[in-house]
Amino acid sequence: MHVAGTNGKGSVCAAIASVLRAAGYRVGRYTSPHLVRWNERVCVDGQPLGSDRLLAAIEQTITAIAREPEAPTPTQFEVLTAAAWVAFAAEAVDIAVIEVGLGGRLDATNVCDHPLVSAIVSIGRDHWQRLGDSLAAIAGEKAGILKRDRPAVVGVLPEEARAVVAEKIAALTCPTIWAEPAQWTTPTPAEADRHSAQPIAQWRDLRYPLPLLGDFQLQNSAVAMAAIVQLRSQGWTIPDAAIWEGMEQVRWPGRMEWLRWGDRVFLLDGAHNVEAAERLRVYVDRVVPAYPDRSIHWVIAMLAVKDLSGVLTALLRPGDRLFAFAVEGHSSATAEELVTIATQVCPQAITIACEDLTTALDQALKLGEAPDHLTVFCGSLYAIGNAYRDLPLEPVAPPVTSPRSPSPSV
């Protein structure tokens, strides 16, 4: 199964893999990037592959490369992608859920001409330097994962992108489910007794708990459900009970997580493009009424190639504070660059350039006097991975006002 998209493809992969595990299948999952360890990218039955087994797969891949000395030297991502396929074969998985690394058409993962299902979760303006500076161009690249006569699933797309994908689907005669978002629904008494802590979503006739935060997960989970329906039509045995169990257990670290550092709590999310930033701001605006001080402390680091102005415009509001820092070990925007852009897009925000991640997060939380103030750490997933690596972070439950259940605004 092959999953592409600007945002949401990782959580869709996590959901599909979790449901398939609950149905009794041995499942491989390949995603990127990792947060702390490379092993996270190659998972079998929900667990990162052990270092010895991953190293064996990489060494086998390198040996195969050496047999073709005249061939172009593969990239790091290409080597690891090939090693993931080797590892999944060695682990005898029943099914592999593969996330596209970048784009789709030319991505290293796009090597299977007979996928069980190809899914396109979303399309937005990201990685435009390589994919094209229009939604139509980006859609063309992502639609490159579609294969002739093979089932497809497509989420809600901007009209410009949808037209391109629809044309590709028609040309390849792909049996397609266009997945409209699921809806929040009221738990039945039996469902409430079974697990009252999680909200219940419904897509078509499928009902399931949805622990991943943010209303946009209604769309992501719909794509996952549509993929499950496509697999069922091919003879895969995936009962409703497995859907419930798998969705109840799904986790996707680094995305919309409430974490504790010492005695202080903050929201963390890997929003690194404009669409993801807009979704994060919607979520924050629904949480913030629970906090006496309505301004937000934003702890942000971003890679230099991202749409810095667009992301900061989506996030900042007058009175907010920005604690900016640079991503360690990557081609990052500097703290000073982020401050300069933030001052331009939101002059009424208070901006502070910080030396590093720990300083930025510590200052934001101290000035906010948690728990009376909301601090949000977002931006580069690499920065978030560094936080997981360097800080003793503990997951906590979201505030009771968090949008995890039906509300009039959904």
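Summary table
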{"item": "Centre separation in Å (Cα based) which lies between the stretch 64-126 and the stretch 192-262", "result": "25 Å"}
{"item": "In nm, spacing of pseudo-spin labels at D113 and T359 (7 Å Cα→C-beta vector)", "result": "5.6 nm"}
{"item": "Fewest-first sequence of L157, L20 by Cβ atoms within 10 Å of each Cβ", "result": "L157, L20"}
{"item": "Rounded to the nearest 20 debye, dipole of the chain from Cβ charges on Lys, Arg, Asp, Glu", "result": "680 debye"}
{"item": "DSSP-defined beta bridges in the stretch 260-397 - what % are antiparallel, rounded to 5", "result": "20 percent"}
{"item": "Residues H297, H373 arranged by fewest to most Cβ contacts within 10 Å", "result": "H373, H297"}
{"item": "The chain, helix-only ellipticity at 222 nm - DSSP H runs n ≥ 4, -39,500 (n - 2.57), divided by all residues, nearest 500", "result": "-12000 deg cm²/dmol"}
{"item": "Selected from L172, A192, V154, residue furthest toward positive end of dipole (the stretch 150-212; charges at beta carbon)", "result": "L172"}
{"item": "Separation of alpha-carbon centers, the stretch 131-185 and the stretch 306-363, rounded to whole Å", "result": "34 Å"}
{"item": "Inter-site label distance for R251 and A136 at 7 Å from Cα along Cβ, in nm", "result": "4.5 nm"}
{"item": "For A96, distant residues with modelled amide H under 5 Å away", "result": "G28"}
{"item": "Phi to ³J(HN,Hα) by Karplus 6.51 cos²θ - 1.76 cosθ + 1.60 over the stretch 2-13, Hz, x for Gly, Pro", "result": "10, 10, 10, x, 5, 10, x, 5, x, 5, 5, 4"}
{"item": "The chain: antiparallel DSSP beta bridges as a percent of all, rounded to 5", "result": "40 percent"}
{"item": "Packing-based ranking, highest mean first, of 64-75, 352-363, 244-255 given that Cβ atoms within 10 Å are counted", "result": "244-255, 352-363, 64-75"}
{"item": "Residues S51, S32, sorted so that the one with the fewest Cβ neighbours within 10 Å comes first", "result": "S51, S32"}
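Values in this text are rule-based calculations from the coordinates and carry no lab data. Being a predicted model, the structure only gives us computed values, none of them experimental. As a convention, Cβ positions derive from the backbone with ideal geometry for all residues, glycine included, and neighbour counts pool all protein chains shown.
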